[in-house]
Amino acid sequence: MKNKKKKQYNLPPNGLNKEELLLKMNSYRQQDAKWQDGKAFALVYYPGDTYAERVKAAYNMFFSENALNPTAFPSLRQFEGEVVKIMANLLGGNEETTGNMTSGGTDSILMAVHTAKEWAKINKPNITQPEIIVAESAHPAFQKAGHYLDIKVNVISVNAQFELDVMAMKRTITPSTIMLVGSAPSYPHGIMDPIEKIAQLAQQNNILCHVDACVGGCLLPFIEKLGYEIPPYNFTVEGVTSMSADLHKYGYAAKGASVVLYKNRALRKLQYFVYTGWTGGIYASPTAGGTRPGGAIAAAWAALHGIGENGYLEMARITLAATQTIKNAIENMEGLHIVGQPCMSLLAFGADDGINIFDVADELHLKGWHFDRNQNPAGIHLTVSQIHQHTAHQFVIDLQEAVAKAKKLSWTKISNSLQVGLVNQLKKVLPEGSIAKIQAKTAGSGAATSKRTAAMYGMMGALQGSGELDDIVLDFMDKLTSLE
Ligand SMILES: *Cc1c(COP(=O)(O)O)cnc(C)c1O
């Protein structure tokens, strides 16, 4: 390490031309997840070339425009207004329902929690430390919002069906609770929370109810139109006061597009920020960002209008068929099981005793598949979309092989349990913070880049709740977001 020259990253004196740039950038993307081959079950939602070209053209057309000041660009104001209206209609809203576009699901959730806090200042003035209640399967964006806004986030468990446990939610409500949250569906298992019961509980306690349809909002309406039974989850449910829905997931828009919707304008107004004392003039902004990207807003409008109802229906049909192929195969495969009853195209599966699901995950990873890994319970998580119509069968074949291999991998099992056991022992005798330091030291030595991660996930499980895991992950993030 001593003699290794540090790579320099300098601003080139003169700009590279387009060809040079693209060539260089292509070399950077060699190790990226191969989503174009339909091998990524996370992060990317692609509608196929024809629709994507339309959306990209819209993005480029409004590359420079800024929605910070809606009076300067009536086009963007119109696009945003129409996107909000269309989403409100799809999600059971009425003339009163309103909202804004945001940069993504986390942003929408941050806004909804902020609005709840402002609402409570007026309607529950005695509360000094506001609280919200979410299930352990709710997206971490609620934790993030709580962290940023100083709101206590009470986490309740899911029931045996992996749905939010309404009785537990009821028990957790205190005089300081301002909002209840349900997911439609949850990301980890793709399971619908009992929205009607949650909304009813909110009404009984005179508090707000947010439905997180970030991942479901652009797919569930079409699944319902195809004739599938979906329990009520949107503004048609009495008591639901806000919703979040991402256009950049199953809306197949460009990244940076979501909506936060409110039951009425009075509620939305609480979200807005105004500062009239600035030397630069009167400043008003609807969401967390200042400058708001014209491209992403235009692209969301273009996705809705360029794909249209029949386009979305067809993609929903294809998506569910691919999901069914994978689900059937897992259900019939010895040693695997689906977690709960997923309601659309997100699913998680685990392994029975004798197979480590993270060994299965490692085998699949070696074959080029990309997906998330769940914990509590350990599992593999898939987000299926229309692109997987071409690869669902291959995935099933590779999964069969991966399971067969994982069954034979008894040596990793022994070494994993040894390592996990070792960490558990070490935890008891080492001083606070030391495991994080050890991890930080070893992370640079190549261990972190190993393709086999089952042992690491086992150790993370052992470290949970000790506070050490947070440190390790923070160190890891710090490394990931630095170049050296
Ligand atoms: C994706 C997702 C979010 C967060 O959205 P981002 O766009 O990643 O910020 C929130 N909730 C659910 C259920 C999601 O699937």
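The values are calculated or read from the model by the stated rules, or taken from the named source; none is laboratory data. Source: prediction; values computed, not measured. Cβ atoms come from the backbone with ideal geometry, glycine included; neighbour counts cover every protein chain shown. Please note that ligands, DNA and RNA were not included when accessible areas were found on the heavy atoms of the full protein model with its side chains. Shrake-Rupley method; radii C 1.70, N 1.55, O 1.52, S 1.80 Å.
Points worth noting:
- Length-normalised contact order for the chain - Cα pairs under 8 Å, 6+ apart - percent: 18
- Prolate/oblate/rounded label for region 244-287 (Cα gyration tensor, a/c 1.5): oblate
- Relative to its residue count, the chain spans a Cα convex hull of 197 Å³ per residue.
- Expected 222 nm ellipticity per residue - DSSP helices of 4 or more, -39500 (n - 2.57), all of the chain, to 500: -14500 deg cm²/dmol
- When each of Lys225/Lys255; Lys85/Lys327; Lys124/Lys269; Lys5/Lys367 is checked by Cα-Cα distance, pairs over 29 Å: Lys85/Lys327; Lys5/Lys367
- The chain: antiparallel DSSP beta bridges as a percent of all, rounded to 5: 60
- Of the listed residues Asp359, Asp150, the order by accessible area with a 1.4 Å probe, largest first, is Asp150, Asp359.
- Cross-link partners for Lys117 among the aspartates and glutamates, with Cα-Cα distance under 13 Å and sequence neighbours closer than 8 places in the same chain left out: Glu131, Asp150.
- Selected from Ala299, Ala284, His114, residue furthest toward positive end of dipole (the chain; charges at beta carbon): Ala284
- Total charge dipole magnitude, the chain, about the Cα centre, Cβ charges on Lys, Arg, Asp, Glu only, Debye to nearest 20: 1360
- Each residue of region 224-232 is assigned a 3J(HN,Hα), and the resulting list reads 4, 5, 6, x, 6, 7, 10, x, x Hz, derived from the Karplus form 6.51 cos²θ - 1.76 cosθ + 1.60 (θ = phi - 60°), x at Gly and Pro.
- Summing charges over neighbours of Gln129, with a neighbour being any other residue whose Cβ is under 15 Å away from its Cβ, gives +2 when K and R count +1 and D and E count -1.
- Rounded to the nearest Hz, the phi-derived 3J(HN,Hα) couplings of region 43-58 under the Karplus curve 6.51 cos²θ - 1.76 cosθ + 1.60 (θ = phi - 60°) are 6, 10, 10, 10, x, x, 4, 4, 5, 4, 4, 4, 5, 5, 4, 5, where x marks glycine and proline.
- Positive-pole candidate from Val83, Val44, Thr97, dipole of region 7-150, charges at beta carbon: Val44
- Around Ala67: net Lys/Arg minus Asp/Glu count, Cβ-Cβ under 14 Å: -2
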